[in-house]
Amino acid sequence: MRAGNAPLRKIPDTVAIAPSDRIRVTPPPMKKTPVVPIALTAVAAVAAIGAVAYWIVARNARLALVPAGSETIPQAAIATVSISSDPDEWQQLRQYGTPESQALVDDGLNQLGERLLADNGIDYRRDIAPWVGPEVTVAFFPPPEFEATPDDLPDVEDARSSAAIVLPIEDPQEAQAVLDRPDLETWAKRSYNEIEVWEKGSGDDKQYAAVLGQKFFAIANAAPAIESIIDTYKGEDSLLDIPGYVGTWETFQEEDDPEFVARTFFNIPEAIAVSSENSARPLTPEQLEAVQQQGLATIVRLETEGILFRSISWLKPNSDRRFAVVNAAEGMADRLPQNTVMMMSGGNLQRTWQDYAETARTNPMSPLDPDWLEQALQQTVELDLEADLLSWMRGQFALALVPTPTGVDETFPGGIIFIVKSTDGRKARDVLEKVDEAIAKKYQFQVGEAELQGTSVVKWTTPISGLEIVRGWLEPDLAFFSIGAPIGRTFIPKPEDSFADTEQFIVGVPSLLEPNNGHFFLDVDRTLNSGNFPPLQLPPAQEDILEAIRSIGVTAAVADSRTTRFDILVRLRRTSR
């Protein structure tokens, strides 16, 4: 019942709906295609593919510049020698030297070849030449470190240094044909890091080999060597990861030095560590850590006169050492007589000595102990090397060996000349007078003024026959000191025809580095080969090699604050071979 018994409303038969009152039914929104995300994804994919392609191209370009197999050789390698496989290059090399020196080189190469190839039944010409790339690399490794007790000593094989040869595969089919030879099936096989390792022999004569994809064939004389190469090929740090390694080879390429018969690399920190272990004065861990040099890379070129070694040396990236980029060592060869047989010159004696001393203290192979020289000066003439001498020796300098002139006392085979440009004339004169007094007082030398070829000098007279010691000034800022045979007349006054005008200097000292920071020259024929200078004689075992060498010339330059350059020309005799 409805409230109030109200009558029901009658629903009309038709309801008129105004247009504005009609219900609009909106269909569900259609699913739109996400155009922007797809486009971004496509762009990202293209960019990624491009980045990968660029990385591959860039990496291949980098690998084309570095020695063959660098990506397979671990950072711990001491050194590498990469040799051209072009027989024409080696045929040209046969024109240099004497039969005796060539025989020694042949023996060395044969021993290496026998050690790594022939002992394994592999003949280079027959089995390797048909498929190998244009360059092969030999790597040398240090002995591994052991923590062995006396009851658990390492095997002889494990304790010795090892070597490996990495052969790039240029023709995989030819290489596979060699590897499928029945006689190679006699090698024992095992797996290491998913690579098959072949083994042959026993004890010290055991050899190891591995094929790295279709790119390299590696042979080593120690298991750690072949395994480290495999690990490196699989992704461990290689020579490519050494700071400056790739950039150095790029520098050679930029200088248009693509032709070479060999390329070498010395891993200086590793080499110093190994040499320290076998040195009479081994370095402490702190000294080894303080080694500043990173590497030394060299390309070896054949020249008309002999063999040219173009080298770049660089510092570690975290080194606090910096080189002064100053190349000003011109003109010192003009001060030396024509018959000079050995000379060294530079642009700043103080800086040269400081650089040498810093390196020598962390290099057991250095020929002169800087601490010994400092002590010797203090004990003999009571001078401090840095404060009393080097402080005013910041100019150009030259050190030379000159044979005894004809017609004079020949007790001594030659004399030594030292010339240095002073940067503080007053201090230089005070110090040199102090030296005169010390020599006269402690060693009873007669010290007094004299005249030589019209030039006023100070002469130290001794009872030793044939010994002449003089010092003086060639110019107001150019001091000299001469000791040994009477050679003062050969360079006082300035010679009209100097050593700089001779063929030995012009042809024998490299001239590619201009400007430069100094030279070194050694006339091997008139020193080591002549027998006239006993202190310079080397062991008889080296005589055959020395007989092939005419002279050695070096030019040095500072490339930048972290890099130095050295060009070394070894002039050789030529034969008809």
**Prompt:** In the stretch 207-241, what residues are among the aliphatic types (A, V, I, L, M) and open to solvent by less than 10 Å² (accessible area, probe 1.4 Å)?
**Reply:** A209, A210, L212, A218, I219, A220, A222, A225, I226, I229, I230, L239
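Out of the residues in the stretch 440-456 that are in a strand (DSSP E or B) and under 21 Å from K427 (Cα atoms), state the one that is least open to solvent (accessible area, probe 1.4 Å). Break it down stepwise before answering.
Quick first cut of the stretch 440-456, residues in a strand (DSSP E or B) only: 446-452, 455-456.
Going one step further and asking which of them are under 21 Å from K427 (Cα atoms), we end up with 447-449, 456.
On the way: V447: 52, G448: 30, E449: 159, S456: 81 Å².
The qualifying residue least open to solvent (accessible area, probe 1.4 Å) is G448.
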**Asked** Identify, please: which residue in the stretch 397-417 is modelled with pLDDT of 95 or more and farther than 12 Å from I487 by Cα and is, among those, most open to solvent (accessible area, probe 1.4 Å)?
**Response** L399
**Residue match in the stretch 457-477 (condition: among the β-branched types (V, I, T), more than 24 Å from V431 (Cα to Cα) and open to solvent by 20 Å² or more (accessible area, probe 1.4 Å))** = yes
**Request:** Considering each residue of the stretch 249-278, count those that are closer than 15 Å to A68 by Cβ and of a type in the set (G, A, S), and give that number.
**Result:** 1
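Here is a yes/no grid of residues against (1) without any contact (Cβ under 8 Å) to a residue 60 or more places away in the chain; (2) at positive phi; (3) assigned to a helix (DSSP H, G or I):
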{"position": "A357", "(1), (2), (3)": "yes, no, yes"}
{"position": "N363", "(1), (2), (3)": "no, no, no"}
{"position": "L368", "(1), (2), (3)": "yes, no, no"}
{"position": "A376", "(1), (2), (3)": "yes, no, yes"}
{"position": "L390", "(1), (2), (3)": "yes, no, yes"}
**Item:** Top-ranked residue in the stretch 53-74 [being out of contact with any helix residue (DSSP H, G or I) (no Cβ under 6 Å at 6 or more places or on another chain) and at pLDDT 80 or above; ranked as most open to solvent (accessible area, probe 1.4 Å)]
**Value:** A68
**Odd one out for A500, checked against (1) assigned to a loop (DSSP other than H, G, I, E, B); (2) under 30 Å from T563 (Cβ atoms); (3) in contact with a Lys or Arg (Cβ under 9 Å, 6 or more places away or on another chain)** = (1)
**Prompt:** Does L536 satisfy the criteria of being modelled with pLDDT under 90, touching a strand residue (DSSP E or B) at 6+ places or on another chain (Cβ under 9 Å), open to solvent by 20 Å² or more (accessible area, probe 1.4 Å) and of a type in the set (A, V, I, L, M, F, W, C)?
**Reply:** yes
**Prompt:** Is one or more of the residues making up the stretch 487-499 crowded, with 17+ Cβ neighbours inside 10 Å, more than 21 Å from E330 (Cα to Cα) and of a type outside the set (D, E, K, R)?
**Reply:** yes
**Asked** Which of (1) surrounded by 16 or more Cβ atoms within 10 Å (Cβ to Cβ); (2) of a type outside the set (F, W, Y); (3) within 21 Å of E451 (Cβ to Cβ) does H519 not meet, given it meets every other one?
**Response** (3)
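The values are calculated or read from the model by the stated rules, or taken from the named source; none is laboratory data. Being a predicted model, the structure only gives us computed values, none of them experimental. Note: ideal-geometry Cβ built from the backbone for every residue, glycine included; neighbour counts use all protein chains shown. In case anyone asks, the SASA skips ligands and DNA or RNA and just uses the protein heavy atoms, side chains included. Shrake-Rupley method; radii C 1.70, N 1.55, O 1.52, S 1.80 Å.
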